[in-house]
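Below: one structure in C-alpha cells.
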Amino acid sequence: MWRNPEPKPGYDAVVIGGGGHGLATAYYLAKEHGMTNIAVIEKGWIGGGNSGRNTTIIRSNYLFDESAAIYNHALQLWTTLGRELNYNIMMSHRGVLNLAHDEGEGRGLKRRVEANRLNGVDSEWLDAKQVKEFCPVINISQDIRYPVLGATLQRSGGTNRHDAVVWGYARACSAMGVDIIQQCEVTGIKTAKGAVTGVETTRGFIKTPKVACVTAGHTSVIASMLDIKLPIQSHPLQALVSEPIKPLVPCVIMSNAVHVYCSQSDKGELVIGAGIDAHTSYTQRGSMDIIEHQMASLCELLPPVARLRMMRQWGGIVDTCPDASPIISKTPVKGFYINGGWGTGGWKATPGSGHVFAWTVAKDDPHPIAAPFALDRFHSGALVAEHGAAAVAH
Amino acid sequence: MFLITCPYCGTRDQSEFSNAGEAHVARPANGEELTDEQWADFVFLRNNPKGLFAERWVHTAGCRRFFNMLRNTATDEILAVYEIGAKPPKVTTVEPATPSGEAPIGSGNDAVKVMRPEEPK
C-alpha cells in the first residue's frame, strides 16, 4: 500500500512519529503546501503506538472557543476523509453521550451545550428518560450509587477505524512522494546557530532544516534532545475490549463522574476506556485497581455487561498538559516544531491537528486555529483549561 | 501496578498510595522578583524523563505521610525510598540504550521494541 524506502541523505522536512497525527501532518504538508520531499520517521511501525491503542471516539463538544475551533475543524475533515483518501475509514456518526450524575455536573454540561451551540457544534441536553430512549441499555434507575440525571448528546460524534485512518493517510502520503520510514528511531537532533540541521537516527544521519515532533507520550524525550523542557507529563492510559456480542450499545457513552467510557465496535466488541495512572511512566501497562474501578462503574451503568468476559487489555503512554489542551507550537529552536500534549484525547483531532500543524511547519507561522495552543501560553497565563471536557481526569 | 515500601508502614499495594509528582521542586524564595517566565517554570515545567525519576508519594490509605521515591519510569523498577528532606541516594538502573527505546527487561513496550542488527532475535 505504501513504499518502504531507504532514508535519503536529506529532506525538506522530517516528521518524527508515524501515528495518525504525524501521517496527517505529512499528508497536508504534501497536499496543501507542496512539500513532497519529506519523510515520516517511525521507531516501530505506523499506527503501532497510540493510534492503535485509543478508543477512537470522535467528538468536538469542548467548552472554550479555541478548543471548539480545532476539534470542530477535525470533525469537518473526518466527515469527508474517507472519500478524500479513497479509503473506508468506517466513520460512524452514531452520537456521543456525556452523562451527568449530579446537579453540579448537570449544570456544567448544560453550560457546555450552550457554549457548543454558540460555536456551531451540534449539542443538546437530554433528560434521563430521553437518555434511555436514545440508548436503552443505560440503567437510569434512582437506586444506583450515581444515578444518571441526564446527558449531553453530540449527534455528529461517533467512532471510526484507527488502522484504516493510518493506512489511508500512509498510502496517500506515499503516492505523493512522501517517504515513510519504519523501524527507524531518532536518537538525536543536530543544530547549528540555533537552527535545526538534521536528525540522528538508528539508520544514519538525515539532513533537514525542519523537524516536526509528533510523538505523543515521548514528546518530552524528543524535546529533551534539544534541552527543551515542556509542561508535559507522560502517564499510562489503559483500555480493554470484551468478547464480541450482538449490538447492545448504539452510541458512545462517556461519564466523567464514574469515569468510564464505552462504545461497541463493528465486530461487536465493547471498547472500554479507563482513567490514567496518576504516576508518570513509559511502561505501556497500568494498574489493576484502575480497571477494577472502571469495570465496577460500567457494570452499574450497563447491567447486562456484568458477566461479559474481557478479551484484551493494554496501555498506551499519553502526554498530558496542565490545562488538558494540546501544544501545537514553534519552539525556541528554529525549525523545530512540536505537536503533542494531546493527553488522553488526541485521536478525535487527528486530521485537524495534522492540517493546522502542517501550515505551522510549512509557513513557520502558527495557523490561526493552532495559535492559542502555542507554548507561550504557559508564560502568559492564557491557558485553555479543558479539564471538564477532556473526559479522562488528569 | 507495583508494591511500594512505605518507610513508616512497610510494603503495601500501590493502590494505598497517591502520587504527588516530582520531588525536590522547591518553591522560589524570592517570589516577588520572578518574571512570568520564571514563575511558569516553577508552576508548570516538570522533568518527564524516560529513566531515573525522583518523585513524592503519600500513603493515603495508611499513615498519610509523604516520602520520596526513586523509580525508573522506563521499567517501573523502584530503586529507593527515602524521607522528605533527605537527599536522593546513589542508585544504578538499566536505562534504555537509546532515548526513546526500551530497556532490555521490565518495559511494557515489547510490541514496538525496535530490533537492531546486533541484538539477538
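State all residues of the range B:65-101 that are outside any loop (DSSP other than H, G, I, E, B) and in contact (Cβ under 8 Å) with a residue 60 or more places away in the chain; if no residue qualifies, say none.
B:Phe67, B:Met69, B:Ile78, B:Val81, B:Tyr82
Another question about this same structure. Just name the residue that is nearest to the other protein chains (Cβ to nearest Cβ) out of those in the range A:53-93 that are of a type in the set (S, T, N, Q), under 30 Å from A:Pro5 (Cβ atoms) and surrounded by fewer than 21 Cβ atoms within 10 Å (Cβ to Cβ).
A:Asn88
So which of B:Pro104, B:Pro96 ends up being closer than 28 Å to A:Ile189 by Cβ and more than 9 Å from chain A (Cβ to nearest Cβ)? First the steps, then the outcome.
Values: B:Pro96 fails: more than 9 Å from chain A (Cβ to nearest Cβ).
The conditions single out B:Pro104.
Turning to a different aspect of this structure: When you scan the range B:57-64, do you find a residue that is hydroxyl-bearing (Ser, Thr, Tyr), assigned to a strand (DSSP E or B) and surrounded by fewer than 17 Cβ atoms within 10 Å (Cβ to Cβ), even just one?
No, the range B:57-64 contains no residue that is hydroxyl-bearing (Ser, Thr, Tyr), assigned to a strand (DSSP E or B) and surrounded by fewer than 17 Cβ atoms within 10 Å (Cβ to Cβ).
Considering A:Thr152, A:Thr191, which residue is in the same structural domain as A:Ala257 (by TED's automatic domain parsing) and β-branched (Val, Ile, Thr)?
It is A:Thr152.
State which residue is farthest from A:Lys207 (Cα to Cα) when the search covers only the range A:147-159 and only residues that are buried (at least 22 other Cβ atoms within 10 Å of the Cβ) and not small (Gly, Ala, Ser).
This residue is A:Val148.
Then there's this: A:Asp277 passes all but one of (1) surrounded by fewer than 18 Cβ atoms within 10 Å (Cβ to Cβ); (2) closer than 21 Å to A:Trp347 by Cβ; (3) not basic (Lys, Arg); which number fails?
Unmet for A:Asp277, out of (1) surrounded by fewer than 18 Cβ atoms within 10 Å (Cβ to Cβ); (2) closer than 21 Å to A:Trp347 by Cβ; (3) not basic (Lys, Arg): (1).
Report the residue count in the range B:1-14 for those that are without any contact (Cβ under 8 Å) to a residue 40 or more places away in the chain and within 11 Å of chain A (Cβ to nearest Cβ).
3
Could you look through the range A:191-205, keep only residues that are closer than 14 Å to A:Gly10 by Cα and within 14 Å of another protein chain (Cβ to nearest Cβ), and pick out the one that is surrounded by the fewest Cβ atoms within 10 Å (Cβ to Cβ)? Break it down into steps so the answer makes sense when it comes.
We begin by selecting, within the range A:191-205, every residue closer than 14 Å to A:Gly10 by Cα; these are A:196-201, A:203-205.
From the residues that got through so far, the ones that are within 14 Å of another protein chain (Cβ to nearest Cβ) too are A:199-201, A:203-204.
Details: A:Val199: 25, A:Glu200: 16, A:Thr201: 21, A:Arg203: 13, A:Gly204: 11.
Among those that are closer than 14 Å to A:Gly10 by Cα and within 14 Å of another protein chain (Cβ to nearest Cβ), it is A:Gly204.
Only residues that are farther than 27 Å from A:Asn98 by Cα and loosely packed, with under 15 Cβ neighbours inside 10 Å: list them for the range A:368-392, please.
A:Pro368, A:Asp376, A:Ser380, A:Gly381
Check A:Ile290, A:Ile272, A:Ile245 and return the single one that is in contact (Cβ under 8 Å) with a residue 12 or more places away in the chain and touching a Leu at 6+ places or on another chain (Cβ under 6 Å).
Being in contact (Cβ under 8 Å) with a residue 12 or more places away in the chain and touching a Leu at 6+ places or on another chain (Cβ under 6 Å) holds for just one of A:Ile290, A:Ile272, A:Ile245, which is A:Ile272.
Please work out if A:Asp163 is at pLDDT 95 or above, within 29 Å of A:Lys246 (Cβ to Cβ) and in contact with a helix residue (DSSP H, G or I) (Cβ under 8 Å, 6 or more places away or on another chain).
Criteria met by A:Asp163.
Out of the range B:15-35, which residues are more than 18 Å from A:Asp289 (Cα to Cα), within 12 Å of chain A (Cβ to nearest Cβ) and either acidic (Asp, Glu) or out of contact with any Lys or Arg (no Cβ under 7 Å at 6 or more places or on another chain) (or both)?
Scanning the range B:15-35 gives B:Glu22, B:Leu34, B:Thr35.
Now for a different question. Going by what's in this entry, would A:Gly168 be described as touching a His at 6+ places or on another chain (Cβ under 6 Å), buried (at least 19 other Cβ atoms within 10 Å of the Cβ), modelled with pLDDT of 95 or more and under 21 Å from A:Thr79 (Cβ atoms)?
Here the answer is no, as A:Gly168 does not meet what is asked.
Against the definition (modelled with pLDDT of 95 or more and under 25 Å from the mean Cα position of the chain (by Cα)), how does A:Lys132 come out, yes or no?
On the way: modelled with pLDDT of 95 or more: yes; under 25 Å from the mean Cα position of the chain (by Cα): no.
No, not satisfied.
Just checking, does the range A:246-257 include any residue being assigned to a strand (DSSP E or B) and not assigned by TED's automatic domain parsing to the domain that holds A:Pro303?
Within the range A:246-257 (the criterion being assigned to a strand (DSSP E or B) and not assigned by TED's automatic domain parsing to the domain that holds A:Pro303), the answer is no, since none of the residues qualifies.
If A:Asp319 satisfies all but one of (1) within 12 Å of chain B (Cβ to nearest Cβ); (2) at pLDDT 95 or above; (3) surrounded by fewer than 24 Cβ atoms within 10 Å (Cβ to Cβ), what's the number of the condition it fails?
(3)
Please determine whether any residue of the range B:107-115 is within 14 Å of chain A (Cβ to nearest Cβ), buried (at least 16 other Cβ atoms within 10 Å of the Cβ), modelled with pLDDT of 85 or more and closer than 22 Å to A:Gly52 by Cα.
Among the residues of the range B:107-115, not one is within 14 Å of chain A (Cβ to nearest Cβ), buried (at least 16 other Cβ atoms within 10 Å of the Cβ), modelled with pLDDT of 85 or more and closer than 22 Å to A:Gly52 by Cα, which makes the answer no.
With the requirement that a residue be assigned to a loop (DSSP other than H, G, I, E, B) and within 26 Å of A:Asp227 (Cα to Cα), what does the range B:10-46 give you?
If the condition is that a residue be assigned to a loop (DSSP other than H, G, I, E, B) and within 26 Å of A:Asp227 (Cα to Cα), then B:Ala23, B:His24, B:Val25, B:Ala26, B:Arg27, B:Pro28, B:Ala29, B:Asn30, B:Leu34, B:Thr35, B:Leu45, B:Arg46 are the ones that fit.
Also: Take the residues in the range A:213-246 that are of a type in the set (A, V, I, L, M, F, W, C) and under 15 Å from A:Gly346 (Cβ atoms); name whichever of them is surrounded by the fewest Cβ atoms within 10 Å (Cβ to Cβ).
The first filter runs over the range A:213-246 and keeps only residues of a type in the set (A, V, I, L, M, F, W, C), leaving A:213-214, A:216, A:221-223, A:225-226, A:228, A:230, A:232, A:237, A:239-241, A:245.
Then keep just the ones that are under 15 Å from A:Gly346 (Cβ atoms); that gives A:213-214, A:216, A:232, A:237, A:239.
Working: A:Cys213: 26, A:Val214: 29, A:Ala216: 28, A:Ile232: 28, A:Leu237: 29, A:Ala239: 20.
Ranking the candidates gives A:Ala239 first.
Something else about it: Condition first: surrounded by fewer than 24 Cβ atoms within 10 Å (Cβ to Cβ) and over 19 Å from A:Trp359 (Cβ atoms). Now tell me which residues in the range A:30-52 satisfy that.
First, pick out the residues of the range A:30-52 that are surrounded by fewer than 24 Cβ atoms within 10 Å (Cβ to Cβ): A:30-37, A:44-45, A:47-48, A:52.
Within the range A:30-52, A:Gly44, A:Trp45, A:Gly47, A:Gly48, A:Gly52 qualify.
Using beta carbons and a limit of 9 Å, which pairs, at least six apart or on different chains, have the first residue in the range A:10-37 and free of Cβ contacts under 8 Å to residues at least 24 places away in the same chain and the second one of a type in the set (Val, Ile, Thr) and not in a helix (DSSP H, G or I)?
none
Looking at the range A:264-274, which of its residues are buried (at least 22 other Cβ atoms within 10 Å of the Cβ) and farther than 17 Å from A:Val137 by Cα?
Scanning the range A:264-274 gives A:Gly273, A:Ala274.
Among the residues of the range A:271-289 satisfying the criterion of being of a type in the set (A, V, I, L, M) and more than 7 Å from every other protein chain (Cβ to nearest Cβ), which is nearest to B:Asn72 (Cα to Cα)?
A:Ile276
The values are calculated or read from the model by the stated rules, or taken from the named source; none is laboratory data. What you see is a predicted model; the values in this text were computed from it and never measured. Glycine gets a Cβ as well: all are built from the backbone with ideal geometry, and neighbour counts include every protein chain shown.
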